[in-house]
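This is the structure, below, for whatever I ask next.
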Amino acid sequence: MLSATAAAVGGDHFDRTSSTPTGANGDEGAGPITVSLGHPYVTATQVLPPTSAGGPGALTPDSASDSSANSAASASISVAAAAKKKVKALTLPQYPGPHRVAVSHVETRRDPADPTSHGLLASIFYPCETITQRKNTPRRARWLAGPNAKFYATGYGDFVRIPKLISGSVVAHFLGSMQMPAFLSAPNAPLPVSTSPYLPRRLPTLIFSHGLAGNQTTYSSIVGTVASRGFVCISIEHRDGSASISAFDNYKTPINYETPSPQSMREGEDKDAYLKRWRSEQVKRRCEEVSEAVRLLRFLDDPKEAPLPFVFGESALPTNISGRIDFASLILCGHSFGGATVMTTLKDPSNPFCAGIAFDPWMFAVPSSGAITRPILTVQAEFFHWSENLELVLQAYRSTPSSQLRKDGDAEQISGAPSSFAVVLGTRHQELSDISFVAPSLMTMLKITGGTNTNVVQTIYDALMCKFIRSIFSYQSGGLRDETVASRAILLASLPAVEDIPRTVALEGEEAIEHLRSSVPKTWEETKR
């Protein structure tokens with residue numbers, strides 16, 4: 001159970017202290033390993049698979065030469081030692097869940113018969129088997145997807161106005177050296193077998209929508225964290241002009257980041273009306289791309305029943321993912337403009353999601369009419385909102401019923417799990433993204449991050465998500481298929497159960513609302529001071 005602890009500020013994602021279990025036949029290591037996960041602010045206990053089954057103690061490409069140092073049965077990193085660890089530049093932390101993670105990069109083609117179909121460019125993160133033979137181990141995935149590091153490095157550079165000569169060389173060199181703690185998907189990085197007692201037959205799914213100037217891997221740490229807990233995650237790269245850079249046709253046709261253009265204003269339209277229309281059109285396109293991601297999930301679950309044409313990436317998908325998707329357990333998640341995508345999608349009563357998670361939603365383009373039709377978790381950075389945006393977030397949050405969980409197969413709603421509102425103290429808008437890991441000191445100096453150890457901030461986000469997901473999946477109903485109920489029960493057995501998160505690092509509910517109302521500036525311009 002997750003509970004408050006007065007451990008030191010800072011540190012890595014988790015601390016592992018464990019004892020070697022004794023199996024039924026008296027052999028050491030034959031049973032599951034109980035591992036204490038000691039976060040800097042919260043602690044948990046999880047039951048993890050035995051090392052012989054390829055669980056956390058199995059060999060990885062980074063540890064094949066030193067199995068004892070990485071075995072869950074022998075690893076012991078104290079909370080104090082973890083708290084002393086600093087965030088290293090250009091280094092992404094290991095995912096905290098019990099499963100290894102693989103990532104596939106894919107692009108699908110648009111359906112010419114459907115005017116709302118645009119195809120999809122995305123990364124799929126999923127729990128995978130750990131291959132112990134060095135000869136066959138898949139390689140670590142680069143943080144920057146695409147044909148080369150220069151493509152996305154120049155996209156980021158253009159957004160912050162770095163000359164292409166620098167972004168295409170120096171920035172590309174450094175960002176191109178970053179790797180995710182995930183295997184690049186290959187036939188030898190399959191999902192764990194469906195008979196594993198630690199991963200259900202049917203897997204829950206999270207679809208992630210990035211913010212302005214993001215792309216499919218900008219939020220790899222938070223998405224990979226969810227995948228390490230047993231989810232199949234699709235991280236969309238939106239091609240509405242809001243990504244730092246994107247492309248069609250296997251990167252042959254680039255799509256640059258779009259900025260407002262006076263030439264696009266209609267006759268008689270003022271600037272505010274133009275911006276509202278432009279951003280609303282982008283959100284509409286984003287919601288259609290969310291539907292494309294759901295379509296991709298249906299292909300993964302049953303390629304024959306839901307065929308889908310690919311531009312690239314189909315051959316790298318795990319062959320044993322078919323029949324593994326739980327469509328009663330879909331969650332939509334997003335940050336900033338992605339949070340607006342979540343809010344807008346969930347206002348459609350016919351949406352297929354059981355819940356939503358919105359980090360710092362930018363509400364400017366969210367339709368004012370309609371109510372959120374699913375339970376949501378909305379998490380705020382302390383130093384992002386202004387009065388108008390906060391009140392719009394609260395209006396949407398309060399429009400949600402205490403709970404609405406969708407029955408599998410029809411639109412009937414049933415009550416149960418509550419929505420949740422939280423603020424993480426001392427944080428700024430970009431701290432959910434991987435950008436905070438690129439150059440931590442520089443990010444703090446530029447006031448892009450709040451100065452709190454980024455690993456700690458990510459841990460609190462993880463804890464809030466775990467708490468919300470437990471509240472959703474703990475709710476059982478006769479309206480759900482038996483297979484879904486059983487799958488959720490298995491997942492919950494390995495998902496940390498969050499109790500109270502200390503009020504020194506995060507506030508929840510009405511306390512969080514009152515804190516923000518009393519402290520946020522009146523206008524967006526004031527947030528930049």
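Quick note: the coordinates plus some simple rules give every number you see, no bench work behind them. Computed from a prediction, not measured in an experiment: that's the story for all the values here. Note that we place each Cβ from the backbone using ideal geometry, even for glycine, and neighbour counts take in every protein chain shown.
Tell me, what is a quarter of the convex hull surface for the C-alpha atoms of region 169-327, in nm² with one decimal?
So the mean shadow area of the Cα hull is 12.3 nm².
Would you mind getting me the FRET efficiency between Thr91 and Gln263? Use the beta-carbon distance for r and R0 = 45 Å, nearest 0.05.
It comes out at approximately 0.55.
Roughly how many nanometres apart are two label points built 7 Å out from the Cα toward the Cβ at Glu314 and Leu394?
For Glu314 paired with Leu394, the spin-label model returns 5.1 nm.
How much length is gained on full extension from Arg161 to Arg139, taking 0.36 nm per residue of separation minus their Cα-Cα distance?
4.6 nm
Hey, if you put +1 on the Cβ of every Lys and Arg and -1 on every Asp and Glu Cβ in region 242-376, which of Leu332, Ala293, Ser244 ends up farthest toward the positive end of that dipole?
Leu332
Over region 242-298, what is the relative contact order in percent, taking alpha-carbon pairs closer than 8 angstrom and at least six residues apart?
20 percent
Still on this structure, please answer the following. Which chymotrypsin sites (Phe, Trp or Tyr not before Pro) in region 442-490 pass both tests, a DSSP loop state and at most 10 other beta-carbon atoms within 10 Å?
Here no loop site has a sparse enough neighbourhood.
If you stretched the chain out fully between Ala113 and Ala486, how much longer would it get, using 0.36 nm times the residue separation minus the C-alpha to C-alpha distance?
130.5 nm
If you keep only loop residues by DSSP, which GluC sites (Glu not before Pro) in region 236-297 have at most 15 other Cβ atoms within 10 Å of their Cβ?
When the GluC sites (Glu not before Pro) of region 236-297 are filtered for loop state and at most 15 Cβ neighbours within 10 Å, Glu258, Glu267, Glu269 remain.
At a temperature of 25 °C and a viscosity of 0.890 mPa s, determine how fast region 282-407 diffuses translationally according to Stokes-Einstein, using the Kirkwood radius over alpha-carbon pairs as Rh; express D in µm²/s, rounded to the nearest whole number.
The Stokes-Einstein estimate is 156 µm²/s.
If you don't mind, there's one more thing I want to ask. At a Förster distance of 45 Å, what's the computed FRET efficiency of Ala493 paired with Asp270, Cβ-Cβ distance as r, to 0.05?
That pair, Ala493 with Asp270, gives E of 0.20.
Treating only the Cβ atoms of Lys and Arg (+1) and Asp and Glu (-1) as charged, compute the dipole magnitude of region 181-266 about its Cα centre; round to the nearest 20 debye.
Roughly 280 debye, rounded to the nearest 20.
Loop-only trypsin sites (Lys or Arg not before Pro) in region 202-286, please: DSSP not H, G, I, E or B, and at most 10 other Cβ atoms within 10 Å.
For trypsin sites (Lys or Arg not before Pro) across region 202-286 that sit outside H, G, I, E and B with at most 10 neighbouring Cβ atoms in 10 Å, the list reads Lys252, Arg266.
Let me ask something else. Take the Cβ-Cβ distance between Lys528 and Trp278 as r, set R0 to 25 Å, and report the resulting FRET efficiency rounded to the nearest 0.05.
0.70
Take the Cα pairs of region 420-529, get the Kirkwood Rh, then feed it into Stokes-Einstein at 20 °C and 1.002 mPa s and tell me D in µm²/s.
This corresponds to a translational diffusion coefficient of 131 µm²/s.
Please get the size of the charge dipole for region 464-529, origin at its Cα centre, with Cβ charges of +1 on Lys and Arg and -1 on Asp and Glu, quoted in debye to the nearest 20.
Using only the charged Cβ atoms, the result is roughly 200 debye.
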